[in-house]
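The values are calculated or read from the model by the stated rules, or taken from the named source; none is laboratory data. This structure is a prediction, so every number in the text was calculated from the model and none was measured. Here the Cβ positions follow ideal geometry from the backbone for every residue, glycine too, while neighbour counts run over all protein chains shown. The area values use the complete protein model at the heavy-atom level, side chains included, leaving out ligands, DNA and RNA. Shrake-Rupley method; radii C 1.70, N 1.55, O 1.52, S 1.80 Å.
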Amino acid sequence: MDINSSSPSHAAGGIVALTDADGTVLKSNENRGEVKLTTTHKQGAVGGILGITKSTTTLESNSNYGNVSFIKPGETGDCFAGGLIGKIDCGAAAKQISLSADKSLGAISSPVRAAVLFSVIAWNAAPAVTLTMTDCGVGGSVNGTEVTADNYGKYLWSWIPSSGCTITGAGTCKYVSE
């Protein structure tokens, strides 16, 4: 999928572009295709499974093998690319995000923020965000750097807020080559 858009806000995903209903569950999906978003506007997010989630969401046993890229000629702005989720956008309400037995093995790239599981957690106010990860597998590359058994922890996410987030289970994630 190659989306070239002039809209002021964008989301692209290998399975789903955007979720905004609490209780969303994405289970046992597999993406093997390239997902590319090209725009000149200020913001957007692209993910191998889910572009943007604005809701309490559960991902379980999903796999992304495809390359995920955000291409933005000119200015940078908010460019988010994630192997599973491009952007966790919590708005002003508390959210719970769960990743369990998901894996990402594609090449992930963005001029600003890129990571193998999700790119960023963003918010409009100061909601409580609870993110739980269990047994996620990662590999591939981020902005041209190969993800390895020695460095994978550095590439799980690109940015999270310094307060308001509870993240558990990152230690259960592991490097995988398949």
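The single residue among 149, 107 that is hydrophobic (A, V, I, L, M, F, W, C) and touching a Gly at 6+ places or on another chain (Cβ under 8 Å) turns out to be 107.
Residues that are open to solvent by 50 Å² or more (accessible area, probe 1.4 Å) and among the hydrophobic types (A, V, I, L, M, F, W, C) within segment 52-97 comprise 71, 92, 94, listed in sequence order. Residue 152 satisfies every condition listed in (1) under 12 Å from the mean Cα position of the chain (by Cα); (2) of a type in the set (Phe, Trp, Tyr); (3) open to solvent by 10 Å² or more (accessible area, probe 1.4 Å) except (1). Does residue 100 satisfy the condition of being over 30 Å from residue 38 (Cβ atoms), open to solvent by less than 60 Å² (accessible area, probe 1.4 Å) and hydroxyl-bearing (Ser, Thr, Tyr)? Considered against the rule, which asks whether it is over 30 Å from residue 38 (Cβ atoms), open to solvent by less than 60 Å² (accessible area, probe 1.4 Å) and hydroxyl-bearing (Ser, Thr, Tyr), residue 100 comes out as yes.
Here residue 162 passes the criteria (1) surrounded by fewer than 19 Cβ atoms within 10 Å (Cβ to Cβ); (2) under 17 Å from the mean Cα position of the chain (by Cα); (3) at negative phi except the one numbered (2). For first residues located in segment 3-25 and in a loop (DSSP other than H, G, I, E, B) and open to solvent by 50 Å² or more (accessible area, probe 1.4 Å), partners that are among the basic types (Lys, Arg) and modelled with pLDDT of 90 or more and lie 6+ apart or on another chain with Cβ distances below 6 Å do not occur.
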